[in-house]
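Every read-out reported here was derived from the displayed coordinates using simple, explicitly stated rules and does not represent laboratory data. Computed from a predicted model, the values in this text were never measured in an experiment. Positions of Cβ are backbone-derived with ideal geometry, glycine not excepted, and every protein chain shown enters the neighbour counts.
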């Protein structure tokens, strides 16, 4: 009942917002308005079933803006285009793929060619670097590069192009690129946060404007929310379902200075799920713990928000040491006296202290024993005490998150080229990292025993540091 009252309130609010839009009559001079969403704004619906809150970046909020403009300019002067085919990963564990239903209700344009008010539009989608040609005869050529690994390179190598729509970083921007072909391409970056949509008003290939719009302040679209109310209730129940029982709280307290039972769980998962000798892992959140009791789908997704896989690469003992030198170099200063600061901290504008590096970049290793001598300079701190059983080759297999490879972290840390790393990649999970973790936790009991396999020396320096 409360939900129905709330949606009725939203409906009234939507009507008020729509009333503030100045009416626009479609005419020969009215531009064709194209609106671009990215990955369905991360969230298909207003309510986020993982964080149990109303998201400020959702297709539902975008539709409040989109539908008012669709009515204002008329169908012959309007098209809605989705850049990036996948919604946020929170929907991919759910057994039903609801994208087709959502697209039909939202009114997305069927790509790749359409006509509006006398103009023909050709849309070329670029997925993982593979392009569809954009050279078919048309009045206006659009390239969608949301999934291209390097949008700049893809734009440079594309065929005829007037507008490129990309999704990179968190902040939106509009800029122009002069290509080697001699032409100029307008680039609309809607960002990946989901807070922004792109709007293009087009009269011709030489007369068009592009901008981005922040949707976070718009209410959710009440009619759309009511249409999918049963589905969103089902999503909430699904993600609140228990997948395992944690017998005792797994604390992360002190992870910057010593091994913890929290980190031990993920090292065990990565090694057992992949069969690797060694695991590299960093905590996804700061100051986290997994409380005793039921562990749900939502609990896993709150910790692992991004689309990655689990990978195994071959590394030598020296490359493993260099990787750890890099990781602990992000964590510690060199300390030689009691007044030196061990942790690498920075003071923010409001005066608080923060780690210089995000917790998810502060890897440690499982499956070997080592010391970190913080009295020595960076690059000379790691002393490996023991490795896994002797290998027939100089290589050990190491499990790590695919982001470590894709971001260049592994290459920088070990001093390897991307080509060398590609040659060393021996396994990659078919399933998403989160799905692999959920299946592991469902089938494997939690272990109370765990090994303290690394330590900071001299110990007196670590003992003085207050937990940050």
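Computed values, structure above
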{"quantity": "Packing-based ranking, highest mean first, of 191-204, 295-308 given that Cβ atoms within 10 Å are counted", "calculated": "191-204, 295-308"}
{"quantity": "Cα centroid separation, region 77-128 to region 45-71 (Å)", "calculated": "16"}
{"quantity": "The chain: relative contact order as a whole-number percent, Cα under 8 Å and 6+ apart", "calculated": "14"}
{"quantity": "0 to 90° range, to nearest 10: angle between helix 59-73 axis and the chain longest Cα axis", "calculated": "20"}
{"quantity": "Helix axis angle, 2-19 relative to the chain longest principal axis, alpha carbon, degrees", "calculated": "50"}
{"quantity": "Difference of contour (0.36 nm per residue) and Cα-Cα distance, residue 100 to residue 292", "calculated": "65.2 nm"}
{"quantity": "Sites residue 393 and residue 174, calculated FRET efficiency, Cβ-Cβ separation with R0 60 Å, nearest 0.05", "calculated": "0.70"}
{"quantity": "Structure-derived Cα extents along the principal axes in Å: which label, when the choices are (i) 77, 61, 46; (ii) 105, 63, 40; (iii) 98, 58, 44", "calculated": "(i)"}
{"quantity": "Extension gain (nm, one decimal) between residue 463 and residue 345, 0.36 nm per residue minus Cα-Cα", "calculated": "40.7 nm"}
{"quantity": "Principal-axis tilt of helix 433-443 within the chain, Cα atoms, nearest 10 degrees", "calculated": "60"}
{"quantity": "Between region 196-263 and region 156-185, the Cα center-to-center distance that results, in Å", "calculated": "27"}
